Amino acid sequence: MPRFILNINDIEYTVEAPERMPILWVLRDKLNLTGSKFGCGIGQCGACTIHVDGTPVRGCCVPVKALEGKVLRTIEGVPTEHPVKESWRKLDVAQCGYCQTGQIMSAIALLDRKPKPTREEINRAMKGNICRCGTYKRIKNAIKEASKNQIA
Amino acid sequence: MKRRFFIQTVSLGSSGFALGAAVPFLGSNDSLGKKVVFEPNLLMSLGEDGIVRFKYTRHEMGQGSFTGLAMIFAEELGADWEKIQVSQADYDEKYGNRLYGNTGGSGTVRRMWEPLRELAATARTMLISAAAEKMNVPTEECFANNGLVIHKPSKQRVPFGELASLASHQEVPKTVTFRDVADYNIIGTPKKNLNQDKILDGKLQYSMDVVVDNMVYACIVRAPIMGLDVISFNAEEVKNIEGVVDVLQVSNRLKEVDESDTKTSMRNGVAVIAKDTWTAFEAAEKLQVEWTDSPLENGNMESIENDLAMAKGNSATYTIFETGDVVDEFKNTTSTFSRTYRNPFQAHALMEPMCATADYKKDRCEVWSSTQHPNRILQRTGKVVDRPISFFLLHNLPCGGSFGRRFYDDFITEAVVLSKMLKRPVKVVWNRKDEIATSGYHALQEEEHTVSLGENGKILGWRLREYMSAQTEELQWAFPFQIYYNTQRLQEVVQVPFRLPIMAWRSVQAHPHALGLESFVDELAKYLGKDPLDYRLELLENQIEFPKSFGEKRFEVNFNSVKEILVPRAIRVYKELSRLRNQYVTSNGENTLGFAGHSFGPTFAGQMAEISLENNKLQVHKITCVVDCGLVINPQLAANQIEGSIIWGLSALYYNNITLKEGKVEQQNFHDYKVLRIDKSPEVEVIFLKNEDAPSGIGEPGVPPVAPAILNAICNATGKRIRKLPIIGIDNLELA
């Protein structure tokens, strides 16, 4: 089985996996980094969102082979005190919480790119992340809150 | 509002409950190795460190009762909220149905309200006795608050931790007095979701995250139609795929058993066992299964339409209730008004697909999964492997959404059966298409309302015929209360032979019921030339004598609770909505309004939808929800529930539609089973009416009014009435 060297959350991992295996399953089943979630397997729900070189990607659709030499960040690599997590905490956004790690990764990528996003920009960046508990109102407000705090 | 339960003294002897659950004993070790010195009941222990450890005996699925139940317990104990530690209890029959019953029907807080306060008050009474003994003062002069017992006259105080040992020697009281709502300092405050921190760091463990030594992963190809069986499959070819461990047939051994209460919801299928989830998923794609034939006389949407049309001429399968001779009334009047509304099949599409891990050994089977009904599930799973409930150790983990789906045993039974066959731990993971296409569904249902009208539009008789699948009868506990009793009423069910398995779904029967009733009342008001919102209040405030008995006694309807709790709540909610409407009109609001309200259990929720329709593009700008749910335990988490319910209702109104072709579900994933995304989520405001009655449930009541409120608004804007869900074309609305 092929072997891959991956840089995840500033740690170097060596894993054996089929080259077509999506990074989501490498994280979950091989490395026990289970904060990235499985929701749909076809990039429709965003629960598996991670950062590759700072860009949000759907981990369920990206094969491990494509990620050697890239910088990967998962929810486990985002500090607890990160302004986005703080605003999520302040507004008590999560209900079941299953989609929220993906939501947070999408929100961080948005704010890194656009520190003061407009309503349309928030909608566009977050539209790929489904929440069936329906926490959208709080997600929008938490992004605005984090945007304020990041600048301050 | 009248105080019904505060400053209430409860005799524990009469229920035998707190005493039965009380097991005072001295000096044991809990699972953390911490010395426990006061363990007055099955749910609580107090150590010398002053930490109160509370066990949560329900299922947390995002509704927040993990936090809410702890708040109720801590409040009644007089504890310091910062010193409460909550953990999930494994399922154990020792808790009984009262402490570890099912989680559903928005009933966790409602059903645990009394037992939790009895247990906590008992423990508090013992702590106070211990403190009085220690301070050498009369118990009557002491009270507990914020983790301290305080001697009122001297202001001496003793922290709970210092009383732990002494409290365990106190006599268990025969009666206890509940704390006064005026003294509450935990209930009614916005405490954070206790799982929030773990969630944000990706550390909350869901069923999907379970890892057990030596475990293998299973993906099951299930019968595309419930009841089909496996004839053959290409086992050898799939077994040769790298990473595949085995390929096994799983069969529902109980298919002959027809008693609904013992029937497993598991489908027949073929399981691919692999060394990781992805390999199991991929190999399952290569599996070719030949299934037995099925007579599919109603396997297509056309045949379902035909069956529904045929059913219109059929007499009722059963009557839910009947007061007076409504049918006779119809014969005698010339003027009737009748409309029919349709709810389609809908899937749950919960974020975390179902998952269960089982480790089946000779003397015990350990299970890691998420279930709303551990007792029933283990009973059913147990029947399949011929073992009693006590054979199982079930770790009931928080789940990524359930909405009724995890009431059913199939995914757990599958893991148990496979682990037994393989003699090693097996984790069964459902793929998204399994969850959308081979599950159970919210039922397709038609609601046909007919009234006969006398002079001045007086309603003389009101008939509701509900056309529904036979299996829906299992959900009769969720049949909503009737709140309009202005006339003789008849409610009857005509069963239609749909073959799709039916399951509970957030707000269950209240969803189709509200769609029908609250659209119909609006239509009727307009037909009579009345304002729909005023008309609802007119109906509610001019009720005839409530029926004492009715038709066949197969449905438990507590008319007293309808009359004394629900109708006054509905009136208060609609009056508040009237006030909001006046405010909106006075402030020159530009959008069109629509209103609807409905009950779920004893909770009543009413909504005002603000919409606009430019060039047929529907925009829902804001939904304001007014709720009367009795005492609000946690205003923050309760508001979350209503906000989420509205998003759930919008998904149902805009998109959710499961269709059949040759008996099989046509949808597979989020691309063809759409749900609401953030860009279409409106502004939401939640208003809780102040009420100190017992808390009555918050997880589902926000759902039912959404569709009718918006459909009523659409009709107000266009004059056109949509009577079928989902609506077609949000951006270019199709108006019949």
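The values are calculated or read from the model by the stated rules, or taken from the named source; none is laboratory data. Quick caveat, the model's predicted, so the values are computed rather than measured. Here Cβ is always computed from backbone atoms with ideal geometry, including for glycine, and neighbour counts include all displayed protein chains. These area figures cover heavy atoms from the full protein model, side chains too; ligands, DNA and RNA do not enter into them. Shrake-Rupley method; radii C 1.70, N 1.55, O 1.52, S 1.80 Å.
I'd like the distance between the alpha-carbon centres of region B:265-288 and region B:323-345, rounded to an integer number of Å. That distance is 50 Å. If you look at the Cα atoms of the protein assembly as shown, you get an Rg and a Dmax of 28.0, 84 Å.
Simple point charges give the picture: +1 on the Cβ of Lys and Arg, -1 on the Cβ of Asp and Glu, and for the protein assembly as shown a dipole about the Cα centre of about 1280 debye.
Expressed in Å, the radius of gyration and Dmax of the Cα atoms of chain B are 27.4, 83.
The heavy atoms of B:Thr189 offer some 40 square angstrom of accessible surface to a 1.4 angstrom probe.
Only alpha carbons enter this Debye calculation for region B:505-659, each as an equal point scatterer, and the log10 of I(q)/I(0) it gives at q = 0.13, 0.16 Å⁻¹ is -0.71, -1.08. Solvent-accessible area of region A:8-57 (1.4 angstrom probe, protein heavy atoms only): carbon and sulfur portion equals 41 percent. Rg ratio for region B:78-236: its Cα radius of gyration over 2.2 N^0.38 Å, N being its residue count, equals 1.59. Rounded to the nearest 100, the interface formed by chains A and B buries 4800 square angstrom of accessible surface, both chains summed, with a 1.4 Å probe.
Extents of region A:3-77, taken as max minus min of Cα coordinates on every principal axis and listed largest first, are 28, 24, 20 Å. Here the extension length gained between B:Asp307 and B:Val327 equals 4.8 nm, from 0.36 nm per residue of separation less the Cα-Cα distance. Listed by chain and number, the aspartates and glutamates placed with their C-alpha closer than 19 angstrom to that of B:Lys617 are A:Glu120, B:Glu590, B:Asp679, B:Glu683, B:Asp731, B:Glu734; residues fewer than eight positions away on the same chain are left out.
Per-residue ellipticity at 222 nm, computed for the protein assembly as shown from helices alone with -39500 (n - 2.57) per DSSP H run of at least four residues, works out to -9000 deg cm²/dmol. The alpha carbons of region B:143-273 occupy a box of 82, 41, 33 Å along the principal axes, longest dimension given first. Of all DSSP beta bridges confined to the protein assembly as shown, the antiparallel ones make up roughly 75%. Dipole of chain B computed with +1 at Lys/Arg Cβ and -1 at Asp/Glu Cβ about the Cα centre; of B:Pro602, B:Ser335, B:Ser265, farthest Cα towards the positive end is B:Pro602. Within the straight-line cut-off of under 17 Å between alpha carbons, the aspartates and glutamates reachable from A:Lys114 are A:Asp53, A:Glu145, sequence neighbours fewer than 8 places apart in one chain being disregarded.
The alpha-carbon of B:Lys362 sits under 21 angstrom from the alpha-carbons of these lysines, leaving out residues fewer than 8 places away in its chain: B:Lys383, B:Lys420, B:Lys423, B:Lys427.
The share of alpha-carbon pairs in region B:445-735 lying farther apart than 36 Å comes to 13%. Normalised by residue number, the volume inside the convex hull of the Cα atoms of region B:32-86 is 88 Å³ per residue. Projected onto its three principal axes, the C-alpha set of region A:20-152 covers 40, 30, 27 Å, listed from the longest axis down.
Note on B:Tyr318 and B:Val211: the extension gain reaches 33.6 nm, defined as 0.36 nm multiplied by sequence separation minus the Cα-Cα distance.
Assuming a viscosity of 1.002 mPa s and a temperature of 20 °C, what translational diffusion coefficient in µm² per second does Stokes-Einstein assign to region A:83-149, Rh being the Kirkwood radius over Cα pairs? So the translational diffusion coefficient is about 186 µm²/s.
Going by accessible surface with a 1.4 Å probe and the largest first, B:Lys198, B:Lys55 read B:Lys198, B:Lys55. Exceedance of the 25 Å cut-off in Cα-Cα distance is limited, within the set A:Lys37/A:Lys137; A:Lys137/B:Lys724; A:Lys30/B:Lys192, to A:Lys137/B:Lys724; A:Lys30/B:Lys192.
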